[in-house]
Amino acid sequence: MKNLSKIGVGLYQGEESDAGDQKLFEVLEFALMNGIHVFDCAPSYRNRRSEIVLGRLTQKYPDRDYFISTKGGFVPFDFSQGEEKENAYVQELFDRGWVRPSLFDQEYFQTFDPVFLEQALTTTLTTLSRDSIELYYLHNPEYFLAKVGRVRFLEVMKEVLLWIKDKIKAGQIKTFGISSWNGFFEEEQQARLDLMELYTLAQEVGIETYFNYLQVPYNFAQTRALFFKGQNLGTSQKSLFGVAEELKISILGSAPLGQGKLPNYAYPEKVKKIFPGMSSAQISLSFVLSTPGISSALIGTTSLVHFKELAAVYLEERFGDRYFIETLTQ
């Protein structure tokens, strides 16, 4: 697997406007000029505007090193157009044969129909002026699991993995993984994503060696990826971090600032002593980067000032390989 910059940029946030696009571009350009090459996007982020901004970056700096991830699952749409336009667009997807009605969840505007995934990936590669994508995620598949149940879920996931196999053979997808929010941490087992189950499915298809990444939330307030022993491994139950380590799957942490809640958090003195001289936002990021198992932390912001503050933690190497349990016990 490729070495990743310890921080990356998540392109989820920002107002859907030209001004928002420009702010995001400035963050991306600063990151790239400072050796940060991990960029996480999806067609649904800001209704494709984020993808277009990232395309501006790759076109301006075509010879730079990039590690770009995109996602398949959600259908981009401008929901401000209203329910009537929404329904008409869904019907158009059906009429074109891009989505089978049985594979569309209008509540979440999500589909894992390979025909639609193919159309979306083609558009992404064209927008980014690239022949391939470094990482392709299945985006929040836990919603689909909840909708159809595990048997049908695994049938469709196998169909999707066969499509990914074709894209790997074609050289369009380099590696793949799962991007989820709470899917691996659901209290009810029947609603929970099982990493080993998905890995076994990849083995059946013959692409398990390309199943290299997970993206899940991880921060000072959300540590279930490390502590919640809800994943099956043989006869034992392990944390997601534990099973991922066994399978040699890297984890990219999303929401390192707790979706904007941690920059103003009053950390206790025992934490401040471990990360001296840092703002709460910097402590939050350093905490994530100091956790073994995190390959990269994805920062989502369109504020260049805030991004520079956080990037200093990485650029000045203000983090270490400490088990974060020290933060809780010292």
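The values are calculated or read from the model by the stated rules, or taken from the named source; none is laboratory data. Keep in mind that this is a model prediction, so the values were computed, not measured. Positions of Cβ are generated from backbone atoms using ideal geometry, with glycine treated the same way; all protein chains shown enter the neighbour counts. The accessibility values were calculated without ligands, DNA or RNA, using every heavy atom of the protein model including side chains. Shrake-Rupley method; radii C 1.70, N 1.55, O 1.52, S 1.80 Å.
In region 1-21, what residues are closer than 29 Å to residue 81 by Cα, assigned to a loop (DSSP other than H, G, I, E, B) and open to solvent by 50 Å² or more (accessible area, probe 1.4 Å)?
Scanning region 1-21 gives 12, 13, 15, 16.
Hey, could you check region 22-44 for residues that are more than 19 Å from residue 285 (Cβ to Cβ) and open to solvent by 20 Å² or more (accessible area, probe 1.4 Å) and say which is nearest to the chain's Cα centre (by Cα)?
44
Looking only at region 263-280, decide whether some residue is assigned to a helix (DSSP H, G or I), at pLDDT 85 or above and within 24 Å of residue 69 (Cβ to Cβ).
Taking every residue of region 263-280 in turn, none turns out to be assigned to a helix (DSSP H, G or I), at pLDDT 85 or above and within 24 Å of residue 69 (Cβ to Cβ).
So the check is Cβ under 8 Å with 6+ separation or different chains; which pairs have a first residue in region 302-330 that's assigned to a loop (DSSP other than H, G, I, E, B) and at pLDDT below 90 and a second one that's charged (D, E, K, R) and loosely packed, with under 12 Cβ neighbours inside 10 Å?
Close Cβ pairs (under 8 Å, with a partner that is charged (D, E, K, R) and loosely packed, with under 12 Cβ neighbours inside 10 Å) amount to 330/273.
Quick check on residue 255: is it of a type outside the set (Ser, Thr, Tyr), crowded, with 21+ Cβ neighbours inside 10 Å and within 30 Å of residue 189 (Cα to Cα)?
Taking the combined requirement at face value, the residue satisfies it.
Which residue, of 198, 214, 145, 193, is touching a strand residue (DSSP E or B) at 6+ places or on another chain (Cβ under 9 Å), closer than 24 Å to residue 102 by Cβ and not in a loop (DSSP other than H, G, I, E, B)?
198
Does residue 262 satisfy the criteria of being surrounded by 16 or more Cβ atoms within 10 Å (Cβ to Cβ) and over 28 Å from residue 162 (Cβ atoms)?
Judged against the criteria, residue 262 is a match.
Report, by residue number, each residue of region 123-156 that is open to solvent by 60 Å² or more (accessible area, probe 1.4 Å) and on the phi > 0 side of the Ramachandran plot.
Within region 123-156, just 129 meets the criteria.
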